[in-house]
Each structure stands twice: as structure tokens, then as C-alpha cells.
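Inspection log for the structure reproduced underneath, given as C-alpha cells.
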Amino acid sequence: MSSRRILVTSALPYANGAIHIGHLVEYIQTDIWVRYHKTRGHQCYYLCADDAHGTAIMLRAESEGISPEALIERLREEHQRDFAAFDIAFDNYHSTHSDENRVLSEGIYRTLRDAGHISSRIIRQAYDPERGLFLADRFIKGTCPRCKSPDQYGDNCEVCGATYAPLDLIEPKSIYSGSTPIEKESEHFFFELPHFQALLDSWLSSGALQDEMANKLREWLSAGLQAWDISRDAPYFGFEIPDQPGKYFYVWFDAPIGYMASFKNLCEREGLDFDAFWSQDADTELYHFIGKDIINFHGLFWPAVMQAAGLRLPSGIFAHGFLTINGAKMSKSRGTFINASDWLKVFEAEPLRYYYATKLNGSVEDIDLNLEDFINRINSDLVGKLANIPSRCAGFVQRLNQGVLADAVYNQALWQQAVILGESVAECYEKREYGRAVRDLMKLADHINEYIAQAEPWALAKSEATQIKALAVCSDAINLFRVLMIYLSPVLPEMADKARRLLRDELRWDGAITPLLNHRIEPFEPLAKRLDINQLEELVKPAPAVVPPTAKPAIAKEPSAMKDATQDASLSIDDFVKVDLRVARIVEAGYVEGADKLLRLQLDLGDHQCQVFSGIRAAYEPDQLVGRLTVVVANLAPRKMRFGVSEGMVLCAGEGERLYLLSPDSGAEPGMPIR
């Protein structure tokens, strides 16, 4: 088998939040593919980096009172920690905010510009006069001009499907400041994508993309390609465009170049040939694993930029679907929005790797993590079938022959079945049909367990006359288990490491698999743990929707702002009805510089938005709150604080870190009165 030289990337996680188990679908899928190719003896490099530029990162850093550089470095360390915990084995993990990426981005831009593929023109864009920055459509909300639905983004209505310009919204508001945007002119720079219509038409027919994705992208070509805006105005966290002060590369321009930058960083560290993988005549392979939601950037803009810059095109772009949990979207209110670090508090990483593998294939279909099925599948496959084989047999090898396997294979038919299966398993890995590979391997595990059950080595071992046969059966089973672990090592790297120690073997698959004969093994140690269905209660913790009956309601606040809300006080019904309690959606949450206990909340009350400073920082991180419904005192007189004006109060129960934001049941809408 000839060795291939392969470069593989996963999409770059944005440096503005934690890795969750939905993200992990892609990185586990890619890692399995890379591990397979390395097991086969290919020269394969897996690259990634944090996507570290953009307005959102700049504003989050500002809200935390730190520099963007400090924020992205902290998130990069957290991301790498989470990936490593799930055995995602990058050959290099870098950042788009790097010297390598700056040099490459500027060089590619100059090449495009000098070849006539960059143009400029004046555009009119929504502008936040209070924050002093231009607003992308998603940073503007208001009431749909057609169906009058509130809380709609600035490009389309999620209720009636209408599309419109951001300032066509009724009472449009910036999500950053709540101010009304204005229109403002600015010069922007564009990559002339229409210059590459013929190239992209040919590219989409090359087989480099899945048919579903190629057909989707052909819709763009049929509609006529448009020039792509690659610039943003200051203030912006990113790379300044050469010779254009105050103009920055749009994050989607330098992000894919970050793949190259990560490899450049690896090449400089290990003495690899960068051009051998990126030049147009490179005798190598390049593959991108991505989510289906970003196929337009990778399937149209990126190959056009690569062609224009004199670079090779990708050998393949593999898109995958999204993750649902128990048949529905991940949900904080249902407790199914699970960060990678939270998963590891309850379960180990490897069971999730295995379960995803059982679901993944070469299509772009969504996959579902059914949590009860997950428990049952792990207990059945990994514990009841796979680990069960050496568990039943390794002890007899120790007792009957001092840990040395027999000198021949007894069941040649089953051995040949296992070895031949490797051809189809390899094809499945290559085509990302992991689910089919795992199903076939578990069928083989069933056959091995049936062979053990029928031979009954525990009975054979009781008689000196049949102990040789008992050793032969158990040695066969151990050798067949070894074949299974060779095939499954890309999916189960930790179990494979345990099997290597047990078998005193490297589990190589870069040639013909031969049995271990007259070979000493180590005493058996457990390879997998049975999962308990009750563990799901620890993992899935829905957001509290009601106040516990024993808790005293309190209003979240900065302690010095008002009297203790738990203090006894009499209140007449006439006083109480004056309090306007309403449902509100948290559209933005951030830290307050100089306040250890406060978070700044931007609340949508249906017909308007307001800003509230709330003393809930000890209990919640900002990214836990965005999108959540809560209850607010809507008619409280605005209170000027040194951080700004607070225009209401959100309600919660408890105190300190045991503080629970009051939330209405699902189905409630912003602005609904509490009765």
C-alpha cells in the first residue's frame, strides 16, 4: 500500500464561547478520519486554530475590561483543553490572530488586488451612533414591517419569512446600545467573485463536494454571483488592509487562510515543506471538514480565492449536519445545551466518540443523540460485546499457559472472516461511513462471543484432557479481539491504548494482519465501564422555570442599591397591582467593568428594549443567559448608576451563588404581563 500525503482541517471554532457537544460532532468525525489514515501508514496532518477576529470578540473583551488578545488567548487554552479531553489529536492548533496569518492574508490580498480581482465602492450601511460602529444585519432588531412580529433580525423575519433592509424594521434598535441606527456611507473593498463563474461551475462538477452541497451551491451560480465584501470599518479587531488605514479584513477573509497559517506554523517548527501541500502542482491531498451552514464560504469563496492566489484547490470538502438531542434542538431550558466540560463531569469522552461514530455517515444529514439510547448502546456494544471478549478469556490464558497465547489459530474460518472484513471497514472509514463500519464490527463481535459461548472454555478448562482446546479457543478470541481493536482504534483511542498494554502489541494496520502466536499478554484489566441511566439526571438539568416553594423571592441587585429585598414588609393589593411584571427575553448579556457582582442585561419586552444591571454574576456567565426568558419589573423608575442607567429589575430566588433567575414556561413571549 503506497503512502499518501494528506492535509486535513476542521472548521475553526470562534474564540467567543465554550465548546459544546454539538461542536464535537465535527471534530470527532475529523479525528476518526485522520487517525484511520495514520493507522494505515499515511503521512497525514490535522490542523485547526481559533477563529479570533471580529466585532463580537472586540465587544466581549471590552465588556470584560480586558484586551481582545487576552480574551482570545484564554479561550484558545480552554478550547484546547476540551478538545484534548475528547482525544481530538491535532498536529497543530493555532490562532488566526498570528503573524503567520497576517503575512499570508496580506500577501494573498495583494495578489488578488494586483490581478484586478479587488474593487471598491461606497456603500450605505446601518450605524450605531452611540457605540460608533457599523452594524451587521444580525446586530439590529425590531418589528417586522410586514407581519408586525417583534424581535426580528435586520435581514429577514423568522415568523413570516419576509426579507428587508435593516432600517425597514419598525423601531430598529442596535442590540449593542439600544439606540436607533442611522445610515452612513463608507468605502468598502470587494473580491470580484463573478470573475470565477466558469471555474466554480467546473469545480462543483469535480466530485470534491457531496452531491447535496454541490446542488445547493449551483443555486448561487444560477442566480448570478455577486462581488464579496471583504472589508470592515474601524473599530474592528482583526488585520488592517494594506494601504487602507481604518479598513480591516472581514473575518471570513482571513479565517480560511488560517488553515494555511496553522500549517505554516507547524512547518516552521518541524521543518516541513509548506509549498508541497499548497502549490497548484502539489502532489498531495487537502480536505476540509465543515458544518453544512458554512458551505458557501468553503465551496465558493475559498476555492475562488485559492485559484486567484495561485494556490491548489481542495481535494474534498466534507459537510456534516447538526446535532439534535432526544430529537430536538439543543436547549438550555430543557437542560440539553451541554458544554464539553459539563459532559465530562458525568461521563467519559470515549462513549460519546463511539456513539457519534454509530450515527455518522458521508451525508449531510443531522444526527440525533438520544440519551437513553446512548446509555443502552454503550452498555451493549462496548461493555457487553467488545470488552466482554478479553474479560471472558484472558484469565484462562494466564491460568492455563502463564499468559502465553497458543501457537496456532484454531478457528481459521472465523479468523479469515475477521481479516477480510478489514477491506470493507477501510472503505467505510475512507468514505466517512462510520456507522456502517461499527455495525459490521459489532456483528463480528457477536460472532466471537457466540464462538466463546458454544465452546465453553470455562468447562473445557476443568479437565486436563481438554485444557489445550480451552487455551486454543481463548487464544482465538484474544486474537479476534485484537483485530476488532485495530479496526476500532480510530474511534476508541483510549480503549485501544488499554488493549495495547493488555496485548503487548502496537495494533498496526499498515499491512497484512497476522495473529499473535506464542505471544505473552498481560493480566486483564477492565476496558470499559457500564453506564447508569440515573447519570442522565446529573447531565440534563433544565433551567428552573418556577420559584421553589420554600424560597423567598428576591430582586437581583447590587447590595448597596436598595434595602434587603427579603426584609419583611406589608404590601396592600393596591400597591401590588401598580407593579408591572412582564416577560422579557435577554438579547445580550455582558460583564460590567468595575463591578464584581453585576451583569449588564439588554432585555426585549416585545414593544421595546431596555437595559438592566443585575447582581447575578456569581450565579451565571453571560453566555448562559442570552436568549433566555425571564421576568422583569417593567415600570420601575430608571436608576442612574455609575455604570449607566438601569431601566428595570429582573426577578430571581435565592442568594449568592444559589441564585435562580425566574423564567416563565416555554411558549411565553416577550412583553406578556405576569398576572
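The values are calculated or read from the model by the stated rules, or taken from the named source; none is laboratory data. Just so you know, these numbers come straight off a predicted model, no measurement behind them. Backbone-built Cβ (ideal geometry, glycine too); neighbour counts: all protein chains shown. Calculation scope for accessible area: heavy atoms of the full protein, side chains included, ligands and nucleic acids excluded. Shrake-Rupley method; radii C 1.70, N 1.55, O 1.52, S 1.80 Å.
Select from segment 152-184 the residues that are assigned to a helix (DSSP H, G or I) and either closer than 11 Å to Leu135 by Cβ or touching a residue at least 60 places away in the same chain (Cβ under 8 Å) (or both) and list them in ascending order. If you could, list the steps in order and put the result at the bottom.
Filtering segment 152-184 for residues assigned to a helix (DSSP H, G or I) gives 166-168.
Of everything in segment 152-184, those that are assigned to a helix (DSSP H, G or I) and either closer than 11 Å to Leu135 by Cβ or touching a residue at least 60 places away in the same chain (Cβ under 8 Å) (or both) turn out to be Pro166, Leu167.
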**OP:** Kindly provide the set of residues from segment 345-358 that are outside any helix (DSSP H, G or I) and crowded, with 16+ Cβ neighbours inside 10 Å, ordered by number.
**Re:** Phe347, Glu348
Subject >> Matching strands (runs of 3 or more DSSP E) fully within segment 584-675 where at least 3 residues are more than 26 Å from Ser67 (Cα to Cα) and either at pLDDT 70 or above or under 29 Å from the mean Cα position of the chain (by Cα) (or both) >> reply: 629-633, 649-655, 658-661
**OP:** Could you grab me the full set of residues in segment 38-69 that are crowded, with 21+ Cβ neighbours inside 10 Å and either in contact with a strand residue (DSSP E or B) (Cβ under 6 Å, 6 or more places away or on another chain) or at positive phi (or both)?
**Re:** Cys44, Tyr45, Tyr46, Leu47, Cys48, Ala49, Asp50, Asp51, Ala52, Gly54
Original post:
Of (1) modelled with pLDDT of 95 or more; (2) aliphatic (A, V, I, L, M); (3) more than 30 Å from Leu517 (Cα to Cα), Ala328 satisfies all except one. Which?
Top reply: (1)
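Conditions (1) touching a residue at least 12 places away in the same chain (Cβ under 8 Å); (2) outside any helix (DSSP H, G or I); (3) crowded, with 18+ Cβ neighbours inside 10 Å; (4) in contact with a Cys (Cβ under 7 Å, 6 or more places away or on another chain), marked per residue:
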position	(1), (2), (3), (4)
Arg399	yes, no, no, no
Gln416	no, no, no, no
Ser424	yes, no, no, no
Arg432	yes, yes, yes, no
Gly435	yes, no, no, no
Leu441	yes, no, yes, no
Gln454	no, no, no, no
Trp458	yes, no, no, no
Gln467	yes, no, no, no
Subject >> Unique residue being open to solvent by less than 30 Å² (accessible area, probe 1.4 Å), touching a helix residue (DSSP H, G or I) at 6+ places or on another chain (Cβ under 9 Å) and touching a residue at least 60 places away in the same chain (Cβ under 8 Å) when the list is Ala408, Ala445 >> reply: Ala445
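Okay, residues lined up against (1) open to solvent by 30 Å² or more (accessible area, probe 1.4 Å); (2) part of a loop (DSSP other than H, G, I, E, B); (3) under 30 Å from Asn265 (Cβ atoms); (4) without any contact (Cβ under 8 Å) to a residue 12 or more places away in the chain:
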site: Leu71; (1), (2), (3), (4): no, no, yes, no
site: Ala84; (1), (2), (3), (4): yes, no, yes, yes
site: Tyr93; (1), (2), (3), (4): no, no, yes, no
site: Arg102; (1), (2), (3), (4): yes, no, yes, no
site: Glu106; (1), (2), (3), (4): yes, no, yes, no
site: Ile123; (1), (2), (3), (4): yes, no, no, no
site: Ala126; (1), (2), (3), (4): no, no, no, no
site: Arg138; (1), (2), (3), (4): yes, no, no, no
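Answer yes if at least one residue in segment 28-36 is open to solvent by 30 Å² or more (accessible area, probe 1.4 Å), part of a loop (DSSP other than H, G, I, E, B) and either under 21 Å from Glu100 (Cα atoms) or out of contact with any strand residue (DSSP E or B) (no Cβ under 6 Å at 6 or more places or on another chain) (or both), and no otherwise.
The first filter runs over segment 28-36 and keeps only residues open to solvent by 30 Å² or more (accessible area, probe 1.4 Å), leaving 35.
Right, trim to part of a loop (DSSP other than H, G, I, E, B) and you get none.
No, that holds for no residue.
Where in segment 221-332 are there helices (runs of 4 or more DSSP H), lying fully within it, with 3 or more residues that are out of contact with any Ser or Thr (no Cβ under 8 Å at 6 or more places or on another chain)? Break it down stepwise before answering.
Working: elements: 251-270, 275-278, 302-308.
Hits in segment 221-332: 251-270, 302-308.
Inside segment 613-625, can you point out the residues that are surrounded by 17 or more Cβ atoms within 10 Å (Cβ to Cβ) and more than 17 Å from Ala653 (Cβ to Cβ)?
Phe613, Pro622
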Subject >> segment 274-300 residues that are on the phi > 0 side of the Ramachandran plot and free of Cβ contacts under 8 Å to residues at least 60 places away in the same chain, paired with ones that are surrounded by 15 or more Cβ atoms within 10 Å (Cβ to Cβ) and of a type in the set (Phe, Trp, Tyr) (beta carbon under 6 Å, 6 or more apart) >> reply: none
**OP:** Examine segment 508-529 for a residue that is in a helix (DSSP H, G or I) and more than 33 Å from the chain's Cα centre (by Cα), and state whether such a residue exists.
**Re:** no
